[in-house]
Every structure is written in structure tokens, then in C-alpha cells.
Amino acid sequence: MGVGTGTNEFIRYVKDLASGKKSHYYYSAELEALVIAADPIKQTITVRITLGNEEINEAGYIDEGLAGTVADYWTSTLISAVHEGRSSVTTSLGVQTIRPVPAADTAIDVVCQASGYCGSASPHAVARFVDASDHQLVYAVVAHTKFFK
């Protein structure tokens with residue numbers, strides 16, 4: 001990794017990579033997210049979002065389109081950061097909602113983890129949408145597989 005192994009350096013690198021992307025829009029609105037943690041050794045980043053009524057579907061779950069958009073954006077950023085800025089394209093993105101969100105304005109931590117790199121041309125990451133105050137409460141999981149260009 002070209003950015004060193006320090007957590008603060010890695011957070012800055014992730015934010016720099018994310019700032020140049022345009023794919024973090026959902027229904028033409030920019031999604032506000034805050035990178036709150038990053039670990040280059042564990043290959044993880046945690047991003048905080050707050051859900052409004054429009055991001056919760058009629059059944060009370062996180063909207064699957066929102067989950068897919070957020071996960072695609074942040075796991076792609078993580079994979080790029082872990083692999084020294086390499087470009088890649090999505091080959092598979094699977095979204096599974098697990099439990100209803102208690103209410104609008106719920107703070108959600110999106111915990112993204114890249115799989116270890118084993119020389120594969122297909123990096124993989126998982127994003128878990130968890131309650132910000134209790135990471136044991138998982139609202140959705142998104143699996144993301146990419147292919148290096």
C-alpha cells in the first residue's frame with residue numbers, strides 16, 4: 001500500500017479517493033457520509049450515515065437501492081485504497097436486508113471490509129449496515145465483487 005500503514009494516513013487516503021468520485025448519488029441527491037474509522041491492516045473503513053424517511057422502505061427496512069449505492073461507493077473506495085489506487089469494475093453486488101430500522105433519523109455505521117488479496121483479479125468486500133450505538137444490530141449486508149481493469 002503506497003500510503004503507509006498509519007490509521008490517520010489511511011483515513012486521509014480513503015477520503016481523498018472518495019472525493020473525486022461521482023457515484024455516491026441516490027435519486028440525484030448526494031449522500032452525506034462521514035468516515036469515522038479506518039484500519040489499513042484489517043482493510044476496513046467505517047462510514048456513518050443517518051437515514052431519513054425516504055431511505056426506509058414501506059416494510060421498515062433500509063431501501064435496497066440505497067444500501068447498494070452506499071456499499072458500491074464505499075467498498076469500491078476501500079478496494080482502491082487497499083490496492084494502491086487500482087481501477088476496477090463491479091461484477092457482482094448482492095444486497096440483503098435483515099431487520100427493520102427502528103425509526104427515521106437512525107444513525108447507521110456502514111462497516112466495510114475488503115477480503116485479503118491473494119493475487120486474484122477479482123477483489124471482494126462486504127459492507128455491514130449496523131446500528132451506530134450497537135454494532136450487533138445488523139440491518140443489511142452487501143457483498144461486492146469487482147474485477148481489476
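The values are calculated or read from the model by the stated rules, or taken from the named source; none is laboratory data. Just so we're clear, the structure is a prediction, and the values are computed from it rather than from any experiment. A quick note on method: Cβ atoms are made from the backbone with ideal geometry, for glycine too, and the neighbour counts reach across all protein chains shown. Surface accessibility is based on the protein's heavy atoms, side chains included, excluding ligands, DNA and RNA. Shrake-Rupley method; radii C 1.70, N 1.55, O 1.52, S 1.80 Å.
When the criteria are applied in full, VAL82 meets the requirement of being at pLDDT below 90 and of a type in the set (Val, Ile, Thr).
Within region 121-143, residues that are without any contact (Cβ under 8 Å) to a residue 24 or more places away in the chain reach partners that are open to solvent by less than 10 Å² (accessible area, probe 1.4 Å) and not small (Gly, Ala, Ser) with beta carbons closer than 6 Å, at six or more positions or on different chains, in the pairs VAL130/ASP109. Buried (at least 18 other Cβ atoms within 10 Å of the Cβ), within 22 Å of GLN136 (Cβ to Cβ) and of a type outside the set (Phe, Trp, Tyr) - does that describe any residue in region 85-95? There is at least one residue in region 85-95 that is buried (at least 18 other Cβ atoms within 10 Å of the Cβ), within 22 Å of GLN136 (Cβ to Cβ) and of a type outside the set (Phe, Trp, Tyr). When GLU58 is tested against (1) of a type in the set (Asp, Glu); (2) touching a helix residue (DSSP H, G or I) at 6+ places or on another chain (Cβ under 8 Å); (3) at pLDDT 90 or above, exactly one condition is not met: (2).
Open to solvent by 60 Å² or more (accessible area, probe 1.4 Å), touching a residue at least 60 places away in the same chain (Cβ under 8 Å) and not small (Gly, Ala, Ser): is that true of ARG48 in this structure?
Values: open to solvent by 60 Å² or more (accessible area, probe 1.4 Å): yes; touching a residue at least 60 places away in the same chain (Cβ under 8 Å): yes; not small (Gly, Ala, Ser): yes.
Judged against the criteria, ARG48 is a match.
Of the candidates VAL110, VAL101, VAL82, VAL95, the single residue that is more than 23 Å from PHE147 (Cβ to Cβ) and touching a residue at least 40 places away in the same chain (Cβ under 8 Å) is VAL101. Among the residues that make up region 34-46, is at least one of them among the charged types (D, E, K, R) and not in a helix (DSSP H, G or I)? Checked against the condition, which is being among the charged types (D, E, K, R) and not in a helix (DSSP H, G or I), region 34-46 yields at least one hit.
Filtering region 124-145 to residues that are under 20 Å from SER92 (Cα atoms) and open to solvent by less than 10 Å² (accessible area, probe 1.4 Å) leaves ALA125, ALA127, PHE129, ALA140, VAL142, HIS144. Whether any residue in region 61-82 is in a strand (DSSP E or B) and open to solvent by 30 Å² or more (accessible area, probe 1.4 Å) is what I want to check. No, because not a single residue in region 61-82 is in a strand (DSSP E or B) and open to solvent by 30 Å² or more (accessible area, probe 1.4 Å).
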